[in-house]
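Shown next, in structure tokens, is the structure this report addresses.
The values are calculated or read from the model by the stated rules, or taken from the named source; none is laboratory data. For clarity, every value in this text was computed on a predicted model and none was experimentally measured. Quick reminder, even Gly has a Cβ in these numbers, built from the backbone with ideal geometry, and neighbours come from all protein chains shown. Protein only, heavy atoms only, side chains kept; ligands, DNA and RNA dropped before computing areas. Shrake-Rupley method; radii C 1.70, N 1.55, O 1.52, S 1.80 Å.
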Amino acid sequence: MIGALDSVGFHAPARVDRPPALIDQLLRDRDAIVARIAAGKDLMAITRTMVVTIAITMAIVGAALGSYRGGIQIGYAAIKLPLVLIGTAALSAPALTAIGAALGRRSRLTADLALVITSLAYGALLLVACTPLILLGRAIDLSYHQMILSTVMMFSVAGIASLRLVTRALSAETGPGRGSAVLGLCVVFALVGGQLAWSLRPYLLRPRTPEVPFLRETEGSLADAISGAIRSARGIYTRDSAPLGD
Amino acid sequence: MSAIAEPLPSYPRGPALALAALGPVAIGAIMAVRAEIASPLIAVPAVVFGVVAATSPALYIATAVTGAAPPLGAVVRAFSVALGAFGIALAGLLLPAAFLALSSTDPLMTFLAATAAVGAAAFLGLRRLAHELVSAGKEPYPGATDIKPSLTSSTVFFVWSAATIGIAGRLWWDLAKEVLS
């Protein structure tokens, strides 16, 4: 009987320190991966796998966004989006550790970095699952501003899911300082992530855009840009027309 | 003051105090780079440490008068732990603040990022100070009874905190006018 089961593909469970198994665990059993990080187990393996996951998934999302314009923008956005997430993690994780440590939480930068990177990898996986919707928007010729707003919505959902994972992980801890650490991380995460994404734009360009810059010159603030996009989506424009090709 | 009096995990005091000394200088450097003037390099640490040095004796005197003060040595230790907490918190917030300040074209953003980093670190330092003072009140002398937090001691700490923040805020505002002009 057992031999029969083996012959039809029943094997021992895969080792969960292998990258595909870690990603599967992140999707199916987030409490288990959070517990491993809390216990300080396989932190390097987890961090490495999650960085690679972010790099690959966000490159795919970036390429999908870049396909709205097409051409070299596909490559540009595929390079820049992974940098946004990895940069946000690198800039935000020390804040989580430091705020907690100041209030008496156990100081553990490596575990906090693994946690932040893992939560961002979860968000990146959710975003890559939204890629068909981005491509659908392109296929049905969604207007530029509608595309912008749907992209902001998808990224907001992924960001909230990422933060929820961090919150869940820290709420399982005992001891002082975790509430302030979570609050501080949320604020830093939102500000740094938003500003880094803003600094490395554009990702989504109008199909008729004549020249594709790798980076735009710094202008205004992120808040101004979001309110401008909402006004434009409602048909309220502050200039006569978008830039046209020759 | 907080009613929680359990001792918190400690950290190496020397490096934490070094961070407390260097953090304000780094914040001053960020503002100096953006404003293209050197004065924030001196002004930021001067505001932080000057205000703490000027107001901390008042807290000891007021709590001692109301009978809520731990021994002087314990108060000094509580201040050094709180300063260390301020330094650690500021070290963690320095990188995001520097990024937000230097990636924006608006000098106001630089000032807001610096203010938020120093303000948040100061708030965390004050929370830690409150906790350390309550902890220090547990058997302050061998055989002595505990000094329990009371409405009076909480009021004294609250008024002292408000005055300290008010003085620092006023000096910070003067610095803002110079940086933003």
Point to revise | Enumeration of residues in segment A:117-127 that are open to solvent by less than 10 Å² (accessible area, probe 1.4 Å) and either within 14 Å of chain B (Cβ to nearest Cβ) or free of Cβ contacts under 8 Å to residues at least 60 places away in the same chain (or both) | key: A:Ser119, A:Gly123
Exercise for review: Check segment B:5-23 and report whether any residue there is within 14 Å of another protein chain (Cβ to nearest Cβ) and among the basic types (Lys, Arg).
Suggested key: yes
Practice item. Please specify each residue of segment B:143-170 satisfying the condition of being of a type outside the set (Val, Ile, Thr) and modelled with pLDDT under 90. Key: B:Gly143, B:Ala144, B:Asp146, B:Lys148, B:Pro149, B:Ser150, B:Leu151, B:Ser153, B:Ser154
Practice item. Within segment A:155-196, track down each residue that is open to solvent by 30 Å² or more (accessible area, probe 1.4 Å) and away from every other protein chain (no Cβ under 14 Å). Key: A:Phe155, A:Ser156, A:Val157, A:Ile160, A:Leu163, A:Arg164, A:Thr167, A:Arg168, A:Ser171, A:Ala172
Check your understanding: Take the residues of segment A:102-116 that are open to solvent by 10 Å² or more (accessible area, probe 1.4 Å) and part of a helix (DSSP H, G or I): which is farthest from the other protein chains (Cβ to nearest Cβ)?
Key -> A:Thr110
Check your understanding: Has segment B:69-86 got at least one residue that is in contact with a Leu (Cβ under 6 Å, 6 or more places away or on another chain), surrounded by fewer than 22 Cβ atoms within 10 Å (Cβ to Cβ) and facing chain A (nearest Cβ under 10 Å)?
Key -> no
Check your understanding: Taking segment B:93-103 on its own, how many of its residues are more than 15 Å from the chain's Cα centre (by Cα) and facing chain A (nearest Cβ under 7 Å)?
Key -> 5
Check your understanding: Here are some conditions: (1) among the β-branched types (Val, Ile, Thr); (2) more than 19 Å from the chain's Cα centre (by Cα); (3) within 25 Å of A:Val187 (Cα to Cα). B:Thr115 meets all but one. Which one does it not meet?
Key -> (2)
Check your understanding: more than 30 Å from B:Ser135 (Cβ to Cβ) and within 14 Å of chain B (Cβ to nearest Cβ): does that describe A:Thr88?
Key -> yes
**Study point:** Evaluation of B:Ala68 against (1) within 18 Å of B:Ala91 (Cα to Cα); (2) not in a helix (DSSP H, G or I) (one fails), failing number
**Key:** (1)
Practice item. Could you tell me whether segment A:128-151 includes any residue that is open to solvent by 30 Å² or more (accessible area, probe 1.4 Å) and under 19 Å from A:Ile33 (Cβ atoms)? Key: yes
Revision key, fill the gap. Filtering segment B:7-41 down to residues that are part of a helix (DSSP H, G or I), touching a Gly at 6+ places or on another chain (Cβ under 7 Å) and not small (Gly, Ala, Ser) yields B:Arg13, B:Leu17, B:Leu19, B:Pro40, B:Leu41
Revision key, fill the gap. Only unsatisfied item for A:Ala59, checking (1) open to solvent by 10 Å² or more (accessible area, probe 1.4 Å); (2) at pLDDT below 90; (3) closer than 18 Å to A:Ser199 by Cα, is (2)
Review point. What are the residue pairs meeting all of these: first residue in segment A:199-218, first residue farther than 16 Å from A:Ala78 by Cα, second residue of a type in the set (D, E, K, R) and crowded, with 19+ Cβ neighbours inside 10 Å, Cβ atoms under 7 Å, and 6 or more apart or on different chains?
Key: A:Arg206/A:Arg69; A:Pro207/A:Arg69; A:Thr209/A:Arg69
Practice item. Filter the helices (runs of 4 or more DSSP H) completely within segment A:119-228 down to those with at least 1 residues that are within 30 Å of B:Arg127 (Cβ to Cβ). Key: A:144-171, A:178-199
Point to revise | Number of the exception - B:Thr110 against (1) at pLDDT below 90; (2) within 14 Å of chain A (Cβ to nearest Cβ); (3) surrounded by fewer than 19 Cβ atoms within 10 Å (Cβ to Cβ) | key: (3)
